[in-house]
Amino acid sequence: MNTICIMCPMGCGLKIEKVGEEIRVSGNTCKRGEAYGKAEFTHPVRTVTTLIKLEGGGVASCKTDAPVPKERVSDVVAYIGTLTIGRDAKIGDRLHASLDGLETDIVITGTPTSGC
Amino acid sequence: MREYDVVVIGGGPAGMAAAIAACDGGAKTLILERDVRLGGILNQCIHQGFGLHYFKEEMTGPEYADRFRKEVEKRDIDVMLEAMALAIGEDRTVTALSPEYGLVKAKAGAIVLAMGCRERTAGAIALPGTRPAGIYTAGMAQKLCNIDGYLVGKEVVILGSGDIGLIMARRMTTEGAKVKLVLELMPYSSGLKRNIVQCLDDYGIPIKYSHTITRVVGSPRIEGLYYAPVGTDRKPILDNEQFVSCDALLLSVGLIPENDLINGSGVEMSPVTNGAAVDENRMTTLDGVFSCGNVLHVHDLVDNVSQEALIAGSAAARYAKGELKSGECVNVAAKDGVRYALPQRINRGEGKVRLFFRVDNVYKGVRLVVESGSKTLSNRKFQMLAPGEMGSVDIERSDIDGDIVVRLEK
Ligand SMILES: Cc1cc2nc3c(=O)[nH]c(=O)nc-3n(C[C@H](O)[C@H](O)[C@H](O)COP(=O)(O)OP(=O)(O)OC[C@H]3O[C@@H](n4cnc5c(N)ncnc54)[C@H](O)[C@@H]3O)c2cc1C
Ligand code: SF4
C-alpha cells in the first residue's frame, strides 16, 4: 500500500508492506511516519474537529483529545452536534463522550470570546 | 501623541510574536488590531495541524493563537483592539482609528507590519458568467461556518486547490454538505499534499487537475456551472465542456498580502511575493519599517510565520534603541525554477541566515544551489519540491562573497 503521511507538512510518500507477521513502513523521514503508516495499514484513525453549540446561541470549536477510528468520524460529529454547552466554556474544558463502545474526551479549542 | 519604541500593525500570529520579541528586547510596544480580538485568521482555522514545529505538539488554530495571546498578556504590551491603522507618516507616526480611543497618533521608533493577507476574489480572477448569490471565497465560507455557525451551501464546487479550499471541502462534508468537485487550473495542487490526502481522498471528493470553470449559471442564486479541461496554454477546451449543479461555489485561488498601508510610499516591493523586499532582519527599504508574516509573503505554515515575526520584532527593538547596524548588503536573486527567495538582501556579517524559497513547478530529485560570487554556500538535494510548499536552507553569512543566486539544478 502506498500513501502519504499526514502527520506533518513534509508529506512523505510512504510504502507499507506486510512481510510475514511484520508491517514494514518505508519512505518515512521520522518515527511519527512509521506509526502513522502502521495505523493506516491496520486501523486508520483521525482527530475530529468540529463545532459545538453554546447555550443561547453561537458556537465554540472543539476536537477529540485523541484520534478516533476513521469510520466513526461521522458518528462523533453527529453526536457533538446534539450537545449544547454553557456560555462560560473556556479553551481546554473537557466533556466525556461515550457512544457505542467509543470512549473519548471532547476538548474545547476556541470560543467566540476567547481573546476578547 | 503617544510614543512607543515599537508599534506593531496587526495582531495575528505574526503581530503577536513580533510584539513579544520586541518587548523581550526591552522595547515599549503597542499592537494595533482592527478586529475585536487578537489571533487573526487563526481564530477561524478550527482544524488540527498547527504548532508541530514551534511547540512540538499538534493543535488547532484557536489554541495556537491562545498560546501567543497568553504570552502577550503576561507582558507589558499595550494592545488596542478595533483599532484600524490608516496611514504611516514619514516620521514613522502611525495614524489609527478606534471607536474607543478615537483618532490615535502613535510615534514609533520602529514599525512592524503584520497585516496578513486577503483572498483573491471572483473579480480578481475574471470568473466568466453571471454573478449570482452563493459564490464565496473559501476563507469567507470558513469564517461563516466556524465563527458564525452558518453553512453556505448543500452542494458545493470548489475552484482552486489552495489549502483553505481543501480544508473547507472536508469541513463542509463533515457538516453534511456534498462537495461534488474540486477544479484546479494547474496540473498540480497549490496546497499541501497532506491536505489532498486527509481532506479529499479521505472523503472520496474528486479533484480534476488542468480544469477550470467556463461559465457560472443561475439567478439570483447559483444553480450550477460549466467546466472544461484546459490545454497546455491553460485555455479551456470548450468542446469538452461539462455541467455540474451546485448551490455554492467556493474560490480558493490565492492570497494577496494586504499592503495598502505602504503601497505608494516608495518602499521597494517584490513583484513576485507582492510583499516588501527585505533584508535578513525583515527591514524594508524604509528605514525602521519591518514586515513579517503573510503581509511579507504568503506562508503555508503558521510556525514559520511565528519564527519570522520573532526575527522582525527583535530587530525592530534593536533599531529603536539605535543598536541595529545596517552594513554593506548583497542582493539575493532567484532563477532556474526558483520563483523567489527571501530575504531579498543580506547584510554582510557573521552568523547563520535562513533563506526561504518557493519553486515554480513540481520538481523531483533536484538540487537547490545557493551561490555567492565564486563560492557555493549550499548545495542540497531535495526529493521533491512543489509550489505549494515553502522550502528553506541555512547559509553562513561569513561565507558571503558577493551577490547571491538561488537556483535549481537537475
Ligand atoms: C482564510 C485563510 C485561511 C487560512 N488557513 C490556514 C490554515 O488552515 N493553516 C495554516 O497554517 N495557515 C492558514 N492560513 C495562512 C495563515 O494566514 C497564516 O498561517 C497566519 O495566520 C498568518 O499570520 P499573519 O499574522 O501574518 O496574518 P493574519 O492571521 O491574517 O493576521 C493579520 C491581522 O492583522 C489585522 N490587520 C490587517 N490590517 C490591519 C490594519 N490596517 N490595522 C490593524 N489591524 C490590521 C487583521 O485584522 C488580522 O488580525 C490561512 C489564511 C487565510 C487568509
Ligand atoms: S514521516 Fe515524519 S517527516 Fe515525513 S510527513 Fe510523516 S511526520 Fe512528517
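The values are calculated or read from the model by the stated rules, or taken from the named source; none is laboratory data. The shown structure was predicted, so the numbers you read here are calculated from the model rather than taken from an experiment. Neighbour counts are summed over all protein chains in view; Cβ atoms, including those assigned to glycine, are modelled from backbone coordinates with ideal geometry.
Structural remarks
- Residue pairs meeting the criteria (Cβ under 8 Å; at least 6 apart or on separate chains; first at positive phi and surrounded by fewer than 21 Cβ atoms within 10 Å (Cβ to Cβ), in segment B:269-295; second assigned to a helix (DSSP H, G or I) and not hydrophobic (A, V, I, L, M, F, W, C)): B:GLY288/B:TYR319
- Any hit, segment B:323-331, residues being buried (at least 24 other Cβ atoms within 10 Å of the Cβ) and of a type outside the set (D, E, K, R): no
Yes or no, residue by residue, for (1) in a strand (DSSP E or B); (2) of a type in the set (Val, Ile, Thr); (3) touching a Phe, Trp or Tyr at 6+ places or on another chain (Cβ under 8 Å); (4) in contact (Cβ under 8 Å) with a residue 40 or more places away in the chain:
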{"site": "B:LEU185", "(1), (2), (3), (4)": "no, no, no, yes"}
{"site": "B:TYR188", "(1), (2), (3), (4)": "no, no, yes, yes"}
{"site": "B:ILE196", "(1), (2), (3), (4)": "no, yes, no, no"}
{"site": "B:ASP201", "(1), (2), (3), (4)": "no, no, no, no"}
{"site": "B:THR214", "(1), (2), (3), (4)": "yes, yes, yes, yes"}
{"site": "B:SER219", "(1), (2), (3), (4)": "no, no, no, yes"}
{"site": "B:PRO229", "(1), (2), (3), (4)": "yes, no, no, no"}
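- Among the residues of segment B:181-188, not a single one is away from every other protein chain (no Cβ under 13 Å), at pLDDT below 95 and under 17 Å from the mean Cα position of the chain (by Cα).
A quick yes/no check of all residues on (1) out of contact with any Ser or Thr (no Cβ under 9 Å at 6 or more places or on another chain); (2) within 16 Å of ligand 1 (Cβ to nearest atom); (3) assigned by TED's automatic domain parsing to the domain that holds A:GLY86:
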{"site": "A:GLY11", "(1), (2), (3)": "yes, yes, no"}
{"site": "A:LYS15", "(1), (2), (3)": "no, no, no"}
{"site": "A:GLU21", "(1), (2), (3)": "yes, no, no"}
{"site": "A:ASN28", "(1), (2), (3)": "yes, no, no"}
{"site": "A:ALA35", "(1), (2), (3)": "yes, no, no"}
{"site": "A:LYS63", "(1), (2), (3)": "no, yes, yes"}
{"site": "A:PRO67", "(1), (2), (3)": "no, no, yes"}
{"site": "A:LYS70", "(1), (2), (3)": "yes, no, yes"}
{"site": "A:VAL73", "(1), (2), (3)": "no, no, yes"}
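- The set of residues from segment B:231-252 being under 20 Å from B:VAL217 (Cα atoms) and in contact with a Leu (Cβ under 8 Å, 6 or more places away or on another chain) comprises B:PHE243, B:VAL244, B:CYS246, B:LEU249, B:LEU250, B:LEU251, B:SER252.
- Counting only residues that are assigned to a loop (DSSP other than H, G, I, E, B) and away from ligand 2 (no atom under 16 Å from the Cβ), segment B:38-79 holds 7 of them.
- Residues satisfying the stated conditions in segment A:74-104, i.e. among the polar types (S, T, N, Q) and touching a residue at least 12 places away in the same chain (Cβ under 8 Å): A:THR84, A:THR104
- Residues (among the hydrophobic types (A, V, I, L, M, F, W, C) and more than 15 Å from ligand 2 (Cβ to nearest atom)) located in segment A:2-22: A:VAL19
- Filtered by the rule that a residue be over 25 Å from B:GLU184 (Cβ atoms) and more than 18 Å from the chain's Cα centre (by Cα), segment B:249-278 gives B:GLY264, B:SER265, B:GLY266, B:VAL267, B:GLU268.
- Qualifying residues in segment B:19-37 (those that are among the hydrophobic types (A, V, I, L, M, F, W, C) and either in a strand (DSSP E or B) or near ligand 1 (Cβ under 9 Å from one of its atoms) (or both)) - the one nearest to the other protein chains (Cβ to nearest Cβ): B:ILE31
- Just one of the numbered conditions (1) touching a residue at least 24 places away in the same chain (Cβ under 8 Å); (2) of a type in the set (Val, Ile, Thr); (3) away from every other protein chain (no Cβ under 14 Å) is not true of B:VAL72: (3).
To keep it simple, each residue is scored yes or no on (1) more than 13 Å from ligand 1 (Cβ to nearest atom); (2) away from chain A (no Cβ under 14 Å).
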position	(1), (2)
B:PRO229	yes, yes
B:ASP247	yes, yes
B:LEU250	no, yes
B:ASN259	no, yes
B:GLU268	yes, yes
B:PRO271	yes, yes
B:VAL298	no, yes
B:ASP303	no, no
B:LEU310	no, yes
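- Residue pairs meeting the criteria (Cβ under 7 Å; at least 6 apart or on separate chains; first under 19 Å from B:ASP35 (Cβ atoms), in segment B:140-160; second assigned to a strand (DSSP E or B)): B:ALA141/B:LEU250; B:ASN146/A:LEU51; B:ASN146/A:SER61; B:GLY149/A:LEU51; B:GLY149/A:VAL59
- Test: residue in segment A:88-96 that is within 30 Å of B:GLN383 (Cα to Cα), assigned to a loop (DSSP other than H, G, I, E, B) and either at the interface with chain B (Cβ under 10 Å from one of its Cβ atoms) or within 17 Å of the chain's Cα centre (by Cα) (or both): no
- Residue in segment A:25-66 that is surrounded by the most Cβ atoms within 10 Å (Cβ to Cβ), counting only those that are hydroxyl-bearing (Ser, Thr, Tyr) and within 9 Å of chain B (Cβ to nearest Cβ): A:SER61
- Scanning segment B:257-267 turns up no residue that is in contact with a Lys or Arg (Cβ under 9 Å, 6 or more places away or on another chain) and among the aliphatic types (A, V, I, L, M).
- Of the residues in segment A:56-73, at least one is within 14 Å of the chain's Cα centre (by Cα), in a loop (DSSP other than H, G, I, E, B) and in contact (Cβ under 8 Å) with a residue 40 or more places away in the chain.
- B:LEU86 under 20 Å from the mean Cα position of the chain (by Cα), of a type in the set (A, V, I, L, M) and modelled with pLDDT of 95 or more: no
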